[in-house]
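**Q** Before anything else, here's the structure in question.
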Amino acid sequence: MKAVIVEDEDIASRRLRHLIEELAPECEILTQISSVESGLKWFAENQLPDLIFLDIQLNDGYGFDIIDQLPKHPPIVFTTAYNEYAIRGFKYNGIDYLLKPIDKNELKKALEKYTSIVDTRQNNSADIDSIRQLFTKEYKKRFMVKIGNQFSTYNVEDIAYFMAEDGVIFLYTNKGQKCPIEYTIDQLEEILDPIQFFRINRKYMVSVNAVEEIHSYFNSRLLLKLNPNQEEQIIVSRERTTNFKKWLDM
């Protein structure tokens, strides 16, 4: 088995390599890549490995940016500090999603899963693409809303944000229309593309296009101005501020 590590933190990259060599001594680490730019160059000049260990957020972009440029790619084990990309990760032939710091036992399970997939492919002539379908999940593209006896359809790209108000979730369009929907914020987190939408607190799920202004706020939080605007203060919760900054590449 030949593998590539894509990781921009040197300590994390060396530790991962050490764990892989300990758990799977038959695995040959071809290279350790630290950026999107160097990754694109390496994959353009070399044959594909059997497995990729891929960090999602790199200093100059996303690990996805490398994979998107490949006409095809091998199975991927995602290694990241952020869990909001899990659903998207599995759409990229991801066989596992490991959160940092990488747990040795979890890595062992991921390597065993890879071996199992390869064995299945060899024994049953099953193409890896068929395995990928097991993990594929489509994000929601539109919402149908009933108002009185009429139904209206709203495409996701026309939605600015979702807001919880008195136990009801409202959809706000880019033009300021407000409609109740039968979803919870938790459900919206599961069905919306995390690249496009981010849950900033218990009340709001916002589109990247709706964020008009960002201001520092006390207690390490952020104050947002959204478009369309709300009269109340819209604040990114303290525990979500770091990931929010990553989401916007701040």
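The values are calculated or read from the model by the stated rules, or taken from the named source; none is laboratory data. Bear in mind the structure is a predicted one, so any value in this text is a computation, not a measurement. Glycine also receives a Cβ, built like all others from the backbone with ideal geometry; neighbour counts cover every protein chain displayed.
**Q** Hey, which of the strands (runs of 3 or more DSSP E) in the stretch 21-86, taking only ones fully inside, have at least 1 residues that are surrounded by fewer than 19 Cβ atoms within 10 Å (Cβ to Cβ) and assigned by TED's automatic domain parsing to the domain that holds GLU7?
**A** Working: elements: 28-33, 51-54, 76-80.
Ranges flagged: 28-33.
**Q** Considering only residues that are within 16 Å of the chain's Cα centre (by Cα) and among the aliphatic types (A, V, I, L, M), look in the stretch 175-194 and name the one that is surrounded by the fewest Cβ atoms within 10 Å (Cβ to Cβ).
**A** The extreme case among them is ILE191.
**Q** Moving to a separate point now. Of the residues PHE198, PHE151, which single one is surrounded by 11 or more Cβ atoms within 10 Å (Cβ to Cβ), of a type in the set (Phe, Trp, Tyr), on the phi < 0 side of the Ramachandran plot and touching a strand residue (DSSP E or B) at 6+ places or on another chain (Cβ under 7 Å)?
**A** PHE198
**Q** Additional query: Given (1) surrounded by fewer than 16 Cβ atoms within 10 Å (Cβ to Cβ); (2) closer than 15 Å to LEU107 by Cβ; (3) of a type in the set (Gly, Ala, Ser), where does ALA12 come up short, assuming only one miss?
**A** (1)
**Q** Also, quick follow-up: So how many residues does the stretch 158-209 have that are of a type in the set (A, V, I, L, M) and not in a strand (DSSP E or B)?
**A** Going through the stretch 158-209 one residue at a time, the tally reaches 7.
**Q** Given the condition modelled with pLDDT under 95 and part of a helix (DSSP H, G or I), answer yes or no: does some residue in the stretch 218-238 qualify?
**A** The answer is yes, given that some residue of the stretch 218-238 is modelled with pLDDT under 95 and part of a helix (DSSP H, G or I).
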